[in-house]
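Below is one structure, written out as C-alpha cells; the observations come after it.
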Amino acid sequence: MEKINVKINGRDYGAAKNSTILEACREASVEVPTLCYMKGVNEPGSCRICLVEVKGARSLVAACVAPANEGMEIFTNTKAVQKARKINLELILSDHKKDCLSCIRNQNCELQKMCKDFSVDDENYFKGDRNEYKTEGSTEYLVRDNNKCILCRRCVAACEKLQDISVIGANDRGFSTHIGCAFEMDLSDVACVGCGQCIVACPTGALSEKDDTRQIWEAIEDPSKHVVVCAAPSIRATLGECFGMEPGSFVEGKMVAALKRLGFDGVYDMNMTADLTIMEEANELIDRIKNNGRLPLITSCSPGWIQYCEYYYPEFTENLSTCKSPQQMFGAVYKSYYAKKKNLDPKDVFVVSVIPCTAKKFEIARDGQSANGVRDVDAAVTTRELGRMITKAGINFNNLPDEKFDSPIETGSGAGMIFGATGGVMEAALRTAAETIMGEPLEKLDFEEVRGIEGVKKAAYKLGDLEVKVAVASGTANAKKILEAVKSGELDVQFVEIMGCPGGCINGGGQPVQPMSVRNFTDLKTARSKALYDADAKLKVRKSHENPVIKELYDNYLGEPGGEKAHHLLHTHYTKRNKYKK
Amino acid sequence: MKINNLADLNALKEEANKRLEVKWKTKIVVGMATCGMAAGATPVMNALKEEIAAGKLENIEVSQVGCIGLCEYEPIIEVFEEGKENNRVTYVKMDAEKAKEVIKTHIAGGKIAEAYTIGAGGEDNISSIENTQFYKHQQRISLRNCGVIDPENIEDYIAGDGYFALAKVLNGMSREDVIKLLKDSGLRGRGGGGFPTGLKWEFAFKQDSDKKYVCCNADEGDPGAFMDRSILEGDPHSVVEAMAIAGYAVGSDEGYIYIRAEYPVAVKRLGIAIDQAKKMGLLGKDIMGSGFNFDLEIRLGAGAFVCGEETALITSIEGNRGEPRPRPPFPAVKGLFGKPTILNNVETYANIGQIILNGADWFSGLGTEKSKGTKVFALGGKITNTGLVEIPMGMTLRKVVGEIGGGIPNGKKFKAAQTGGPSGGCIPASLFDTPIDYDNLTAIGSMMGSGGLIVMDEDTCMVDIAKYFLDFTVDESCGKCGPCRIGTKRMYELLEKITSGNGEEEDLDKLEELGAHIKSASLCGLGQTAPNPVLSTMKYFRDEYISHVKDKKCAAGVCKSLLSYIILEDKCIGCTACKKVCPTEAISGERKEAHAIDQSKCIKCDACVQKCKFGAIIKR
C-alpha cells in the first residue's frame, strides 16, 4: 500500500495514502474522538468533536472527513483542540435532557463517556433555552425522545444509506432542527419497516426499543400464568456484550442459566422452531419447484424484511414463503401440542421470546399470528431488554454456570443455530432440501458460497438432478438490489434468503448497542456470526430433519410438513401495505 | 435569427445598432427593476405611453431598463436625446401625473421639466444623474448595462458588444488562454470569500471527468444586499454569456443558475434571456459553429441564507435539504452530482465578458494591489443616498459614505458601517479612511461579503445592532453542526440578557469565548463568520457593552429596558399633552406645572416624547 508521511503531535508516522486524518491518527495509535462519524455510512463532519489542528489551516479541521496529505502536521491534543471539544460538548449539553441517572443508556452513552473523557465540569455552563419535544411512541417497537437527540444524524444515515428506506430526516432548521418523519408524521404513519438499525446507531438515549419487560415481570409474578421463554439463535452470540464480554462470545449456557433464574416456567430453544421452519420451508420450496409454483421462493423469517416487501415490493408478497417465523412457530406449537400435553389452557400460557429484533414486536401483533385463538407470542423482548432484566434480577451473568434448555424443546440442530446469520437460513434449508430430494446424506454440510457477511451472495447447487440457483441478501438496501434484478430478469433464481438487517439477526436492531468507537473499527457482524457457525460445526445434529424433537413433533402431532395441521399452525399470509397512509 | 458564426454576430450587431440609432433618437427609459416597480414604475410607464399616443408624438422609444441605482428616488425615468446639449435628463420620484407633464413639457415642449429633475431645488441645478456626486465617482463594469438597456431584448445587449466576449473566446482562444487571462486579471469572487476566479476555473479545468458543471450563485441572501438581483433584472445576458465562457474554459456543457424564488422579476428576465440565447444559438449545441455545446437551466431556491454557501447550494440543486458539506473535497474537484463544478456569483460573472473584451491589464489596472477591479455596494441604513453603487476597489469608506452616499441625514454623526451583512463586522468611524478591499476589510474584523454596506449614526446602539445581525444567523443556521446551531443561539441569549439589563461582566467573556469557538469550529462559512458582528462591535465599541452591563445604560437610547423617560422640570410648561397620550397613566402633574413620570408604570412606548413639542422629555 502506498504510504504518505505525516507528523502527528510532533512525531513522524506513515499513513496509508488517501486516508483521512482520523484514519492516519488511528494507525499511529492516536485516539481522536468522534460522535457523528459512522464509517462509510455517516460522514457529515458535523458534530465537530473530532476537530484537530492542522498546521497552516485557517480553522480547526474535522479529522473524520479531512484527507491526510503528504507532510501534513497534525495536532490532536493542543489547548485549542481540547477547548473546542469541551465547548462543543457543553453546547450539546445545553440543549440536552440531562436525566442521565434514569436514562436507558446510562453508562452506555457515547455523549456521557465523552463528557467524562474531556473533563466537562459544568453541564450548565451554557445554560439557555432548551427545545422541548414530545416523546414519539406511535409504533409497537420504537421510542424516540428528541430531548436527548444530539443531531448526529446517525439514525438518518442508517435508515437512508444502510437500509435505503429514508423515513426519517431532519425537520425545521437552526436551533429548532430535529429528527422526524416528513411533515411531522408519526412513525406509525410512514413506511418504517421496524428494523431498529436507527436504534443501534444512536449514541444517546434518544432512540430505544419500546420496553416490554414490565409485562413479563408481571406475568412471572402471576401464579395463574404459565410463563415460558424461548431464545432466538443469535441471542447466545451477543448477550455477553451486555455484560462486557467481547463481541462474538458464545454464551448459550450462561444465557439459559440466567433465563432459568429469572423465574420462567420453561426455558426453550428457538433453534428447534428454526428447524421446524426449515421443515416447512424446504417442503414448500420443493413443492413450488416441482409443481411450477411462484418462484423464486423468498424466506419469511425476518419481519423487518416482510414489512419492507409489503410496503415497497408488494408485487413480491406471493413469492414470500408462507411459513411463520421461528418465533411465531414456537408460540403456535407451544400453545397447542405442548400445552395440551401439560394440560394447560392456551389462555393461561404466556409465551415470551427473546429476539435480536425490534420488528418482532410488531410481528407478534400481526394478523394471522394467533393459531390457537390467542396470540402465538405474548411478549417479544430484545437482547438488550433481556440484559437489563438479568441485571435487575441481581444475576451475576459472568459467573453463571452453563446450563441446558428445558425438555422437551431443548434441542436445536446446527441448521437452526445458523439461522441467526445472513446465509444461515439458506444453508439450513439446502441441507434439508438436498437430502429430501436426493434421498441420501450429504457428504459436505457446509455451503460456503452463501456464508460471509457480504450484502449480496449468489450460488447454484446441484441437488441430485435438480439445479437450484439461489441468492442471499441482508439489509433492505441489498434486498432491493436482488428484487430489482429479479424484476428485470437479470437474476434467475429459485430460492432467495432475505434478512432485513445487514449481516442478519446477529446485527439486528435489538442487539446490544456498541459505541461507534467500537463499531467503526471492529467487524461485529463477522465476530458474532462466527460464534454461531463455530457452534454449528461442533454439534452432532446439524440438519433440521434429524432433530429428534422435530421428528417427535411430526410423528405424534403435525403429521407431514405442509399437512393440514402444519398449515393451520405454522403458516400465515401477507398484505400489501400503502406507503402513504394519510 | 440563428447566429452561426462571428460574422453573423457582427452583422446582427450592426443591424441592431442601426435600428436602435433611429429608435434612440429620443429614448425614454423607465427603471423597472423590482425596486422601481415597487415604487410605482408601472403606472409611470403606462402614463408615458398614453401621453405619447395622445400627443401623437413620433419616433420616441419608451423602454424599460433595470435598476438605475438610486433607490431613494424611485420611480426614475431618464430622457436621452441625441445631439442635444442636455442629452440625458433624469427625472425622479415620478408618478403618472408627473410623467405626463414630462412628456408635455420636455418631449412636446422641448423644455426640461425642472421641477422633477434629480437636482431640482438644489444649488447647482443638476438635471442628469451623471453629474451627481452619487454617480460621478462610480465606475460601472458589472452594472454597465443596468439602467441602460432593455433586459428583455437580446438585441440591446448585442448592440453593446454582448456575446462578443463569447465569440472571441470561441474564435481563437484556447481554454488555457481564457483561464490565464482571468488569472492575470486578478478577478476575485464577488460573493464573499474573494477566492481568485481564474484559479478556481483552473482547478476545475484540470480535473479529468466525463462531466463538469458550471453554476451561478444567485441566492443573494444578505439582508440589504441586492446587486445580484439588480444585475439579473437589468442585464441577465451578461451572466448567461459569462457562464458559457466558463463552460468553454473548464470543459463543461451544462450549467445551473440557482436563484431564490423571492426574485420573481429576475427569474422571469433570466428565463427570457436564456430562451433568447437558445433561439439564437448562443446556448445549446455547436455555439456559433465552434463545436462547443453549453446549456443552462434555472433552479429556484426557497430562500434559505445557507444556500448561498457553495456546498449547500449544490446540495439544494441536487434536490436535497440545503445543508453544507465539509470541504475538501472542493466543488472544483467534487461538486454537483459528484462532478467537478465551478460556482461563481452573479456579480463575478457580470465582470467576465468585459475582462475578455478589454484584457487582463485593463482590469488589473483598476483597484488595489490584491483586489482588482470594482465592487458593487448596496448602500443602506442611515445614509442620504441609499442605492447601488459600483466603485473601484480601494476607495475609502469616507468617500463612499460621505460623498457618494451624501453623508448622514439629519446632521447626525457617523458612528459605524457594517460591511458583509450578517457575516461581516462593524467598522468604526476611526477606520473611516481604510481603503475598501478584501484584505483590509478582513484585517479589521469585517469582510467584503457580497457588498452590503449599512451605515449607522450616533443613535445606533452597537450591542443592539450585533443582536440584530445575530438574530438573523440564528434564524438562518441550517442546524447541521453544533457550534452554529447551538452556539449562535447562546450568543444571542447572552446579548438579550445584556440588552435587557441583566448582563454580568462574565457574560462578556462568555460571548468572546463562544464567538471564537464558533468561528474556528463551525462546519461552513455561515457559522465561521456568524460571530463577526458581535466580535467586531466588542472590539471597537467595548465601552458600550460595559456600560450596558455595569451601568445598565444604553447611551444611544435604543435598549428599552435600560432607559428611563424623564421630564425636565425646567423645560416642561405643563401643557398636559404627554399626560393625555400616556397609555398607562404613568404621567402626573397639574396644568401649567412641571409633570413627572412614574417609572414603575412607564412602558417606554415613546408616545410622550413624540407628543412633547418642547423637548422636555428625555431618555437616558
Taking every DSSP beta bridge with both residues inside segment B:17-131, roughly what % is antiparallel (nearest 5)? 60
Can you pull out the GluC sites (Glu not before Pro) in segment B:312-374 whose DSSP state is coil and whose Cβ has at most 11 other Cβ atoms within 10 Å? B:E369
Using the Kirkwood formula on the Cα atoms of segment A:426-582, what hydrodynamic radius do you get, in angstrom to one decimal? 18.4
Which angle from 0 to 90°, rounded to the nearest 10, does the C-alpha axis of helix A:524-538 make with the longest principal axis of chain A? 30
Dimensionless Rg ratio for segment B:487-620, taking C-alpha atoms and the 2.2 N^0.38 Å reference: 1.39
Within chain A, helix-based [θ] at 222 nm, where runs of 4 or more DSSP H residues each add -39,500 (n - 2.57), nearest 500: -8500 deg cm²/dmol
Directionally averaged shadow of chain B, computed from the convex hull of its alpha-carbon atoms, nm²: 30.6
Rounded to two decimal places and with Rh computed the Kirkwood way over Cα pairs, what is Rg over Rh for segment B:564-619? 0.89
Output the 0 to 90 degree angle, nearest 10, between the alpha-carbon long axis of helix A:79-94 and the longest principal axis computed from the alpha carbons of chain A. 60
If you project the alpha carbons of segment A:475-532 onto the principal axes, what extent comes out on each, in Å, largest first? 41, 22, 19
Zero-based 10 Å bins, Cα pair distances in segment B:162-254, whole percents: 15, 45, 33, 6, 0
Could you name the aspartates and glutamates whose alpha carbon sits less than 18 Å from that of B:K211, not counting residues in the same chain fewer than 8 places away? B:E202, B:D253, B:E254, B:D286, B:D295, B:E297, B:E318
Can you give me the Cα centroid spacing of segment A:260-311 and segment A:416-477 in angstrom? 14
Taking the Cα atoms of chain A, what is the range of coordinates along each of the three principal axes, in descending order and whole Å? 76, 56, 52
Which one of A:Q327, A:L539, A:L295 has its Cα pushed farthest toward the positive end of the charge dipole of chain A, where Lys and Arg give +1 and Asp and Glu give -1 at the Cβ? A:Q327
Restricted to Cα positions, what overall size does segment A:117-174 have along the principal axes? Three whole-Å values, descending. 39, 25, 24
Can you give the alpha-carbon Rg of segment B:374-457 over 2.2 N^0.38 Å, where N counts its residues? 0.94
Given 4 °C and 1.567 mPa s, how large is the Stokes-Einstein diffusion coefficient of segment A:3-77 in µm²/s, with Rh as the Kirkwood radius over Cα pairs? 108
Cα-only Debye scattering, segment B:112-153: base-10 log of I(q)/I(0) at q = 0.14, 0.18, 0.33, 0.34 Å⁻¹: -0.44, -0.65, -1.09, -1.12
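What do you get for Rg/Rh over segment B:462-551 if you use C-alpha atoms and the Kirkwood form of Rh?
Answer for segment B:462-551: 0.95.
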How much of the DSSP bridge set in chain A is antiparallel, in percent, rounded to the nearest 5? 55
What's log10 of I(q)/I(0) for segment B:17-131 at q = 0.23 Å⁻¹, Debye sum over Cα points only, no solvent? -1.41
What's the magnitude of the charge dipole for segment A:3-77 around its Cα centre, counting Lys and Arg as +1 and Asp and Glu as -1 at the beta-carbon? Answer in Debye, nearest 20. 60
Going through B:K136/B:K168; B:K183/B:K285; B:K93/B:K413; A:K39/A:K113; A:K7/B:K510; B:K571/B:K611 one by one, the pairs whose alpha carbons sit over 23 Å apart turn out to be B:K136/B:K168; B:K183/B:K285; B:K93/B:K413; A:K7/B:K510
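Only sites in a loop by DSSP and with at most 12 other Cβ atoms within 10 Å count here; which GluC sites (Glu not before Pro) in segment B:52-103 make the cut? Provide the component values of the computation, followed by the final result.
Working: sites: B:E58, B:E61, B:E72, B:E78, B:E81, B:E82, B:E85, B:E97, B:E101; in loops: B:E58, B:E82, B:E85.
Hits after loop and neighbour filter: B:E58, B:E82, B:E85.
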Please compute the Kirkwood hydrodynamic radius over segment B:325-423, one decimal place, Å, based on all pairs of different Cα atoms. 16.4
Note down the magnitude of the dipole of the protein assembly as shown about its Cα centre, charges +1 on Lys and Arg C-beta and -1 on Asp and Glu C-beta and zero elsewhere, to the nearest 20 debye. 1300
Taking the alpha-carbon set of segment A:104-209, what are its Rg and Dmax in Å? 14.3, 43
Scoring segment B:564-619 by relative contact order with C-alpha pairs under 8 Å, at least six apart, yields a percentage of 46
Nearest 10, in degrees from 0 to 90: the angle of helix A:270-290 to the longest Cα principal axis of chain A is 70
At a temperature of 4 °C and a viscosity of 1.567 mPa s, determine how fast segment A:6-161 diffuses translationally according to Stokes-Einstein, using the Kirkwood radius over alpha-carbon pairs as Rh; express D in µm²/s, rounded to the nearest whole number. 76
Ignoring chymotrypsin sites (Phe, Trp or Tyr not before Pro) buried by more than 15 other Cβ within 10 Å or outside DSSP loops, the longest site-free run in chain A is A:1-520
For A:162-174, what's the mean count of beta carbons from other chains sitting within 10 Å of each residue's beta carbon? 3
Might you report the magnitude of the Cβ-based charge dipole of chain B about its Cα centre, with Lys and Arg at +1 and Asp and Glu at -1, to the nearest 20 debye? 700
Give me the Debye-computed log₁₀ of I(q)/I(0) at q = 0.04, 0.06, 0.07 Å⁻¹ for the protein assembly as shown, equal point scatterers on Cα only, no solvent, two decimals. -0.32, -0.66, -0.83
Take the cross-link list B:K382/B:K467; A:K260/A:K444; A:K127/B:K480; A:K324/A:K480; B:K27/B:K111 and give me the ones stretching past 25 Å between alpha-carbons. A:K260/A:K444
Classify segment B:189-315: rounded, prolate or oblate, from the alpha-carbon gyration tensor (a ≥ b ≥ c, eigenvalue square roots; a/c under 1.5 rounded; otherwise prolate if a/b is larger than b/c)? oblate
Of A:K525/A:K576; A:K462/A:K543; A:K55/B:K489; B:K497/B:K604; B:K13/B:K56; B:K200/B:K278, pairs whose Cα-Cα distance is over 21 Å: A:K525/A:K576; A:K55/B:K489; B:K13/B:K56; B:K200/B:K278
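Since every read-out is calculated from the coordinates, none of them should be taken as a lab result. The model shown is predicted, which means the values in this text are computed figures rather than measured ones. Positions of Cβ are generated from backbone atoms using ideal geometry, with glycine treated the same way; all protein chains shown enter the neighbour counts.
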